[in-house]
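Q: Let me give you the structure first, and then I'll get to my questions.
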Amino acid sequence: MSGWTTAEIRLLRDIFPIATTEELVLAFPRHTISAVRSQARAHGIRRNKAAPKGSPLPHPLVRQLARQRMAIGMTRSECARRARVDRAHLYRMERRSGLPRADTLIRWAKVLDLQLTLTPINPVAGTGEPRSAATGGFGVIPGSPTYRPDA
């Protein structure tokens, strides 16, 4: 277990169960993906299996916020503290269905240096370009009006 900092182990516990392989590679640039998996096994950290049938997944907007948190290497505890929500509440938001209250989403996005915007689901008049129906008309824009994570 050498070569891993305490902060890296905390981050591993926080993101390994739900992060994609790409997100793990980004979160742990000093380690190979094999080393990340081995470290998780050594600490008894397991990947979450697919949700049981009929178990709804988190809203796409919530998944985007969770991925952004992991991409910048922020732990769930730090994000919750800065957004002024309970860590367990943030965990439930990231793992379960439903959409948190607007004020919670706004605080969460600000902590991640993101801006929330509302866009019509219908096509933009005259362009024929559809709006992102995958996010239910909600979008996360990190500094650019053309950011399209689902594209």
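The values are calculated or read from the model by the stated rules, or taken from the named source; none is laboratory data. Since the structure is predicted, the reported quantities are computational estimates derived from the model, not experimental observations. Backbone-built Cβ (ideal geometry, glycine too); neighbour counts: all protein chains shown.
Q: For the stretch 2-34, how many residues are of a type in the set (Gly, Ala, Ser) and surrounded by fewer than 18 Cβ atoms within 10 Å (Cβ to Cβ)?
A: Narrowing the stretch 2-34 to residues of a type in the set (Gly, Ala, Ser): 2-3, 7, 19, 27, 34.
Add one more test, that the residue is surrounded by fewer than 18 Cβ atoms within 10 Å (Cβ to Cβ), and what stays is 2-3, 7, 34.
Count: 4.
Q: For the stretch 73-103, what are the residues that are in a loop (DSSP other than H, G, I, E, B) and surrounded by 13 or more Cβ atoms within 10 Å (Cβ to Cβ)? So that I can check it myself, show each step before the final result.
A: First pass over the stretch 73-103, keeping only residues in a loop (DSSP other than H, G, I, E, B): 73-75, 84-86, 96-101.
Answer for the stretch 73-103, where residues must be in a loop (DSSP other than H, G, I, E, B) and surrounded by 13 or more Cβ atoms within 10 Å (Cβ to Cβ): GLY73, MET74, THR75, VAL85, ARG96, LEU99, PRO100.
Q: If you take the residues in the stretch 102-114 that are farther than 15 Å from ARG63 by Cα and of a type outside the set (A, V, I, L, M, F, W, C), which one is modelled with the lowest pLDDT? So that I can check it myself, show each step before the final result.
A: So the first thing to find is which residues in the stretch 102-114 are farther than 15 Å from ARG63 by Cα, and the list is 102-103, 107, 110-111, 113.
Subsequent filtering for residues that are of a type outside the set (A, V, I, L, M, F, W, C) retains 103, 107, 110, 113.
On the way: ASP103: 88, ARG107: 91, LYS110: 93, ASP113: 92.
Per the stated criteria, the residue is ASP103.
Q: Of the residues ARG76, ARG63, ARG67, ARG82, which is assigned by TED's automatic domain parsing to the domain that holds LEU105 and modelled with pLDDT under 85? Can you show your working first?
A: On the way: ARG76 fails: modelled with pLDDT under 85; ARG67 fails: modelled with pLDDT under 85; ARG82 fails: modelled with pLDDT under 85.
Result of the check over ARG76, ARG63, ARG67, ARG82: ARG63.
Q: In the stretch 29-60, how many are part of a loop (DSSP other than H, G, I, E, B), touching a Gly at 6+ places or on another chain (Cβ under 9 Å) and at pLDDT below 90? Outline the logic, then answer.
A: Step one: of the stretch 29-60, the residues part of a loop (DSSP other than H, G, I, E, B) are 29-32, 43-59.
If we keep only those that are touching a Gly at 6+ places or on another chain (Cβ under 9 Å) too, we end up with 30-31, 56, 58-59.
Then keep just the ones that are at pLDDT below 90; that gives 56, 58-59.
Summing the residues that are part of a loop (DSSP other than H, G, I, E, B), touching a Gly at 6+ places or on another chain (Cβ under 9 Å) and at pLDDT below 90 in the stretch 29-60 gives 3.
Q: Just to check your reading of the model, which residue among THR127, THR117 is exposed (fewer than 14 other Cβ atoms within 10 Å of the Cβ), outside any loop (DSSP other than H, G, I, E, B) and modelled with pLDDT under 85?
A: Numbers: THR127 fails: outside any loop (DSSP other than H, G, I, E, B).
Exactly one of THR127, THR117 is exposed (fewer than 14 other Cβ atoms within 10 Å of the Cβ), outside any loop (DSSP other than H, G, I, E, B) and modelled with pLDDT under 85, namely THR117.
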